[in-house]
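K.L.:
Please read through the structure below; I'll follow up with questions.
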Amino acid sequence: MKTEEEIERVSCLIIGSGPAGYTAAIYAARADLKPVVYTGMVPGGQLTQTTEVDNFPGYPQGITGPVMMEDLRAQAERFGTSVRFGYATKVDFSRDGGIHKVEIDGVKHIEAETVIIATGATAKWLGLDSEQKYNGFGVSACAVCDGFFFKGQDVAIVGAGDTAAEEATYLAKLARKVYMLVRRDEFRASKAMVHRVMNTENIEVLYNTEAEEILGDGQVVTGLRVKNNQTEAVSHIDITGFFVAIGHKPNTELFQGVLDMDETGYLITKADSTATNIPGVFACGDVQDHVFRQAITAAGTGCMSALEAERYLMAKQDIV
Ligand code: NDP
């Protein structure tokens, strides 16, 4: 009988359990790769922290993020995926097409012929207590996911990068008014994006302005206390939605110095592929995509990773 400390050999190890990881698992399992998924600390990933998901094809009435992730997990398990709670703590990837070693929770050792990395990204938050208190009840880090619920209402968005600019203009199409909080006296976003913001009538940009506290009635957001960091003047804004768009952090610490990444830590994959710089190691979902970051795009690249892992294993067999 195997003990926890013993080494387990698998043909396809998937790290992460968001839409990318589970979709990779569904495809890998159907290809008889008998994938093993380690879920990470938040099984189901970022979507388990949202409420309604209305933009994933196939759910005409919408679905909640947690239920959707349970469905994806059940679908992966139906084809024989082994889904386990655990966190990858160390990797030792073979650079020459050999076996990759991954340590789980510091105790378990997996040897894998292919590894699919789907560890996702984490939205950055301001760090206000009220932000977490009302997360999902008026506070969101994804305008495309949640903007719809604020149709005709007044909302605020914090951030001044391309994401914030893009999301502010997206929200402006739905909301009555969008307050955009920019902490400096200028944007970080590209000129084209700033131009778009400035030319949108119902966006009001508040420069040198920081969110001090999100106000609510204990259930939902009702307003915002802001401070001008130049004049120290404090004021209140009536809003029902508060969007944070100050960037995401890809979950790639584990792969530093091992896998190629860009200057912000996103894994670099080959063009039209999910292959990393290490043969047999693939990356899908938000961990390698700072532009789209949608459940459906993550699922799409998860599918690509599994197909590429399968082809990689078949090519290896042909060589032997
Ligand atoms: P960025 O890191 O580019 O911008 C983050 C923004 O949030 C900055 O304006 C920053 O302010 C602000 N910020 C950070 N912390 C705080 C805080 N505590 N309080 C208030 N404001 C804060 O992140 P993005 O997500 O916007 O973009 C990430 C990358 O993705 C970029 O390279 C971007 O160009 C790219 N992208 C491209 C798109 C496209 O091409 N269509 C769409 C979306 C993103 P400050 O400027 O003062 O530091």
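The values are calculated or read from the model by the stated rules, or taken from the named source; none is laboratory data. Computed from a predicted structure; not experimentally measured. For neighbour counting, all protein chains shown are included, and Cβ atoms are generated from backbone atoms with ideal geometry for every residue, glycine included. These accessible areas exclude ligands, DNA and RNA; they are computed on the full protein's heavy atoms, side chains included. Shrake-Rupley method; radii C 1.70, N 1.55, O 1.52, S 1.80 Å.
K.L.:
Any idea what diffusion coefficient the range 167-221 gets from Stokes-Einstein, in µm²/s, Kirkwood Rh on alpha carbon pairs, 25 °C, 0.890 mPa s? If you can, show how the numbers build up before the last one.
P.N.:
On the way: Rh = 12.4 Å.
In µm²/s, the coefficient rounds to 197.
K.L.:
With each label point set 7 Å from Cα along the Cα-Cβ vector, what nm distance links Asn228 and Ala192?
P.N.:
Taking the simple label geometry, Asn228 and Ala192 are separated by 3.4 nm.
K.L.:
Let me ask something else about it. Sticking with the crude label model, points 7 Å out along Cα→Cβ, report the distance from Glu213 to Asp318 in nm, one decimal please.
P.N.:
Here the modelled spin labels are 6.6 nm apart.
K.L.:
Work out the FRET efficiency for Asp129 and Val220 from their Cβ-Cβ distance, taking R0 = 25 Å, and round it to the nearest 0.05. Working shown, then result.
P.N.:
Details: r = 16 Å, r/R0 = 0.64.
Step by step, r from the Cβ atoms, then E = 0.95.
K.L.:
Tell me the volume per residue, in Å³, of the convex hull enclosing the alpha carbons of the range 77-210.
P.N.:
Dividing the Cα hull volume of the range 77-210 by its residues yields 204 Å³.
K.L.:
Show the residues, 5+ positions off or on another chain, whose built amide H is closer than 5 Å to the amide H of Val115.
P.N.:
Sorted by chain and number, the residues that satisfy this are Leu13, Val281, Phe282.
K.L.:
How would you rank 108-114, 249-255, 191-197, 55-61, highest first, on the average number of other Cβ atoms within 10 Å across their residues?
P.N.:
Highest-to-lowest ranking by the protection proxy: 108-114, 249-255, 191-197, 55-61.
K.L.:
Let me ask something additional. Rounded to whole Å and sorted largest first, what semi-axes of the equivalent ellipsoid does the C-alpha gyration tensor of the range 148-242 yield via the square root of 5 times each eigenvalue?
P.N.:
They are 20, 18, 9 Å, listed largest first.
K.L.:
How do Tyr266, Tyr207, Tyr27 stack up against each other in accessible area, from largest to smallest, with a 1.4 angstrom probe?
P.N.:
In descending accessible area the options line up as Tyr27, Tyr207, Tyr266.
K.L.:
Using a probe of 1.4 angstrom, how much of the accessible area of the chain is carbon and sulfur, in percent? Intermediate results must be reported in sequence, preceding the final value.
P.N.:
On the way: 8180 of 15760 Å².
Result for the chain: 52 percent of the exposed heavy-atom area is carbon or sulfur.
K.L.:
Please report, in debye to the nearest 20, how large the charge dipole of the range 1-125 is about its Cα centre when each Lys and Arg carries +1 at its beta carbon and each Asp and Glu carries -1 there. Walk me through the numbers on the way to the answer.
P.N.:
Numbers: 12 positive and 16 negative charges, 23 e Å.
Computed about the Cα centre, the dipole is about 120 debye.
K.L.:
On average, how much accessible surface per residue is there in the chain, in Å², for a 1.4 Å probe, leaving out ligands, DNA and RNA?
P.N.:
49
K.L.:
Kindly express, to the nearest 10 degrees and within the range 0 to 90, the angle between helix 295-319's C-alpha long axis and the longest C-alpha principal axis of the chain.
P.N.:
Once rounded, one gets 20 degrees.
K.L.:
Antiparallel as a % of all DSSP beta bridges within the range 1-105, to the nearest 5?
P.N.:
Numbers: 6 of 12 bridges.
If I count the DSSP bridges inside the range 1-105, around 50 percent turn out antiparallel.
K.L.:
Could you tell me which residue out of Val115, Thr209, Leu224 lies farthest along the dipole of the chain toward its positive end? Charges go on the beta carbon: Lys and Arg +1, Asp and Glu -1, centred on the Cα centre.
P.N.:
Result: Val115.
K.L.:
List the lysines whose alpha-carbon lies under 24 Å from that of Lys191, not counting same-chain residues fewer than 8 positions away?
P.N.:
The reachable lysines, counting only those whose Cα sits under 24 Å from Lys191, are Lys124, Lys173, Lys177, Lys249.
K.L.:
If you don't mind, there's one more thing I want to ask. Using DSSP, restrict attention to beta bridges with both residues in the chain and report what percent are antiparallel, rounded to the nearest 5.
P.N.:
45
K.L.:
Evaluate the Kirkwood expression for the hydrodynamic radius of the range 192-285, namely the inverse of the mean inverse distance over all pairs of different C-alpha atoms, and round to one decimal in Å. Kindly include the intermediate steps, with their values, before the conclusion.
P.N.:
On the way: mean 1/r = 0.0573 Å⁻¹.
Kirkwood radius, the range 192-285: 17.5 Å.
K.L.:
Only Cα pairs within less than 10 Å get springs; with that Gaussian network setup on the chain, which residue of Ala24, Ala172, Ala306 has the largest fluctuation?
P.N.:
Ala172
K.L.:
While we're on this one: Run the lone-cysteine check on the chain: no other Cys C-beta under 4.7 Å from the residue's C-beta.
P.N.:
Cysteines lacking a close Cβ partner in the chain: Cys12, Cys284, Cys303.
K.L.:
Let me ask something else about it. With +1 on each Lys and Arg Cβ and -1 on each Asp and Glu Cβ, how big is the dipole of the chain about its Cα centre, in debye rounded to the nearest 20? Kindly include the intermediate steps, with their values, before the conclusion.
P.N.:
Values: 29 positive and 43 negative charges, 71 e Å.
Dipole of the chain, to the nearest 20 debye: 340 debye.
K.L.:
Label 7 Å along Cα→Cβ of Phe85; the range 100-129 residues with amide nitrogen under 19 Å?
P.N.:
Once the point is set 7 Å along Cα→Cβ of Phe85, 104-109 turn out to lie under 19 Å by backbone N, inside the range 100-129.
K.L.:
Could I ask something else about it? Using the structure shown, list the pairs from Lys133/Lys270; Lys101/Lys133; Lys270/Lys316 with a Cα-Cα distance above 29 Å, or answer none.
P.N.:
As for pairs spanning more than 29 Å Cα to Cα, those are Lys133/Lys270; Lys101/Lys133.
K.L.:
Calculate the length of the line joining the C-alpha centroid of the range 15-32 to that of the range 180-218, in whole Å.
P.N.:
If you average the Cα positions of each part, the centres end up 38 Å apart.
K.L.:
Still on this structure, please answer the following. Work out the P(r) tail for the range 122-183: percent of alpha carbon pairs separated by more than 13 Å, whole number.
P.N.:
Numbers: 1156 of 1891 pairs.
Taking all Cα-Cα pairs of the range 122-183, the fraction more than 13 Å apart is 61 percent.
K.L.:
Okay, next question. Would you please name the GluC sites (Glu not before Pro) within the range 1-100 that are DSSP coil residues with at most 14 other C-beta atoms within 10 Å of their C-beta?
P.N.:
Working: sites: Glu4, Glu5, Glu6, Glu8, Glu52, Glu70, Glu77; in loops: Glu4, Glu5, Glu6.
Hits after loop and neighbour filter: Glu4, Glu5, Glu6.
K.L.:
Here is a further query. Please list the three semi-axes, largest first and in whole Å, of the ellipsoid equivalent to the chain, using sqrt of 5 times the eigenvalues of its alpha carbon gyration tensor.
P.N.:
40, 20, 18
K.L.:
Further, regarding this structure: Positive end of the dipole of the chain, charges at C-beta (+1 Lys, Arg; -1 Asp, Glu), about the Cα centre: which of Ala175, Ala156, Leu259 has its Cα farthest in that direction?
P.N.:
After comparing all options, I get Ala175.
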